[in-house]
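The values are calculated or read from the model by the stated rules, or taken from the named source; none is laboratory data. It should be emphasised that the depicted structure is a prediction, and the values quoted were computed from it without experimental measurement. Positions of Cβ are generated from backbone atoms using ideal geometry, with glycine treated the same way; all protein chains shown enter the neighbour counts.
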Amino acid sequence: MMIDWMAAFAPRMREAKPSAIRELLKLLDRPGTISFAGGIPDPALFPRDEIAATSRRILAEQGAIALQYAPSEGYAPLRDHIAASLAAHGVAGTRDNILITSGAQQALDFVGRLFLSPGDEVLVARPTYLGALQAFNAHGPVFGPLPGSGSNRAALGSGAGGGESGRARFGYVVADFQNPTGECLTLPERQALVANAAAMRLPLVEDAAYDQLRYDGDGLPSLLAIGAARAGGIDAAGIIQCGTFSKTIAPGLRIGWIAAPRPVIERLVVVKQASDLHASTLNQMIVHEVASTIGPAHLERIRETYRARRDAMLAALDRHFPDGARWTRPQGGMFVWVSLPERLDAEDLLPLALAARVAFVPGRSFHPDDSGRNTLRLNFSLNDEDVIAEGIGRLGAVMRQALAG
Ligand SMILES: Cc1ncc(COP(=O)(O)O)c(C=O)c1O
């Protein structure tokens, strides 16, 4: 007898539908299509030679450690390295404040597992990172607006916390070069957010995936740094920071981390154990070695490359996009966020764009409430300047046609 798989799945998983956009974006493989859809680094910037040499050396000299089971907390020298770079940014802590995860995405999944029960509220900016919504969605939460972030900026000072339901468990924030908008919270916004959350005893989950990718302007203190300074240390601050080496070394190594008060880390270690025991030790050792040797110089190369691409995209948008469209001018990260006149729906434009051999992600997916239909996300990290100019030219023509129609 055939099993009725739909009935066998947990109810929450029955509802998870494959996205229509994902189906459409399969057309990206058509030759000549220029994609601004992915959120991925340029593979030409992966430090392949260094990774190859480092991994050969580690296997020769420390193979028994690199290939053996290891503690769930992560490779101690890598945890020390992360603690030291946090200290350099004003957050004094030790390796006991750090858990190594399989990318920041796993960190978000773990935060969901640790804090959420069905019906709990998570406060998020609108728009926000789709992968965070997906990670938290596994636990059946409702999403409320996070005051003082993204399009909810006007509400700043109205009191983060309790949320509409009074059951808010945490606020999720990408303070630097947000995915999808590319925007940063200003210093006063950061301070107010941390102060409000502290007043309401609301944990803040800070996703710092892009904080290293700044191309101009001065860096701002992280929410973790602001929280630790206010509270007198990382252990007293209500901030859980998720970081990653995906954007600065290579995402395929799947190495990220959580920096948090010790009681949170201790509990997350139990979650890590149950999930996959520990992150790949060989990859942690490679990341530790590469980050502590070529790390800063390599980051500078990435910044230079992406800065030029960001500039090329903004110049092409100025040239080719019709009046009535607006876009962000990010100082870093990987994305530009476009708002079209209200009457246009980016999901209707996507098939037309694909026919013109150019792709983007419609903005609705980044909104937990299905709003943002007139918005779209463009990635600038993957293609070189000429390709960006050509692709934005094609997209501009599609926009003009849609506006004329
Ligand atoms: C805001 C944000 N957080 C987390 C991630 C996941 O990163 P990782 O590769 O470390 O899992 C991404 C990836 O694009 C991201 O944009």
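So that you can scan it fast, the table gives a plain yes or no per residue for (1) in contact with a Cys (Cβ under 8 Å, 6 or more places away or on another chain); (2) over 20 Å from residue 247 (Cα atoms); (3) more than 16 Å from the ligand (Cβ to nearest atom):
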{"residue": "59", "(1), (2), (3)": "no, yes, yes"}
{"residue": "86", "(1), (2), (3)": "no, no, yes"}
{"residue": "103", "(1), (2), (3)": "no, no, no"}
{"residue": "112", "(1), (2), (3)": "no, yes, no"}
{"residue": "121", "(1), (2), (3)": "no, yes, yes"}
{"residue": "127", "(1), (2), (3)": "no, yes, no"}
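Only residues that are hydroxyl-bearing (Ser, Thr, Tyr) and either touching a Ser or Thr at 6+ places or on another chain (Cβ under 7 Å) or in a helix (DSSP H, G or I) (or both): list them for region 269-311, please. Lay out the reasoning, then the answer.
First pass over region 269-311, keeping only residues hydroxyl-bearing (Ser, Thr, Tyr): 275, 280-281, 292-293, 305-306.
Once the filter is applied, which keeps residues that are hydroxyl-bearing (Ser, Thr, Tyr) and either touching a Ser or Thr at 6+ places or on another chain (Cβ under 7 Å) or in a helix (DSSP H, G or I) (or both), region 269-311 yields 275, 281, 292, 293, 305, 306.
Looking for whichever is away from the ligand (no atom under 15 Å from the Cβ) and small (Gly, Ala, Ser) here; the options are 274, 259. Which one fits? Spell out the reasoning first.
Values: 259 fails: away from the ligand (no atom under 15 Å from the Cβ).
After applying the criteria, what remains is 274.
Any idea which of (1) modelled with pLDDT of 95 or more; (2) surrounded by fewer than 20 Cβ atoms within 10 Å (Cβ to Cβ); (3) of a type in the set (Gly, Ala, Ser) is the one residue 104 doesn't satisfy?
(2) is the only condition that residue 104 fails.
Taking region 279-298, which residues are over 27 Å from residue 226 (Cα atoms) and either acidic (Asp, Glu) or more than 16 Å from the ligand (Cβ to nearest atom) (or both)?
281, 282, 285, 289, 293, 294, 297, 298
I'm trying to understand the selection: among the residues of region 233-252, which are closer than 20 Å to residue 173 by Cα and near the ligand (Cβ under 9 Å from one of its atoms)?
242, 243, 244, 245, 246, 247, listed by residue number.
Which condition from (1) among the hydrophobic types (A, V, I, L, M, F, W, C); (2) part of a loop (DSSP other than H, G, I, E, B); (3) touching a His at 6+ places or on another chain (Cβ under 7 Å) is the one that residue 78 breaks?
So residue 78 meets the others, but not (2).
Which count do you get for residues in region 81-116 that are touching a residue at least 24 places away in the same chain (Cβ under 8 Å) and not in a helix (DSSP H, G or I)?
Looking only at that region, the number is 11.
Would you pick out the residues in region 169-198 that are surrounded by 24 or more Cβ atoms within 10 Å (Cβ to Cβ) and in a strand (DSSP E or B)?
Answer for region 169-198, where residues must be surrounded by 24 or more Cβ atoms within 10 Å (Cβ to Cβ) and in a strand (DSSP E or B): 170, 171, 172, 173.
Of everything in region 199-243 that's assigned to a loop (DSSP other than H, G, I, E, B) and of a type in the set (S, T, N, Q), which residue is surrounded by the most Cβ atoms within 10 Å (Cβ to Cβ)? Before you say what the answer is, go through the steps one by one.
Taking region 199-243 first, the residues assigned to a loop (DSSP other than H, G, I, E, B) are 200-203, 208-213, 215-222, 232-233, 237-238.
Pick out the ones that are also of a type in the set (S, T, N, Q) and you get 212, 222.
Values: 212: 21, 222: 24.
Across region 199-243, the extreme among qualifying residues is 222.
Being at pLDDT below 95 and surrounded by 15 or more Cβ atoms within 10 Å (Cβ to Cβ) is the filter here; which residues of region 39-80 pass it?
Matches in region 39-80: 39 only.
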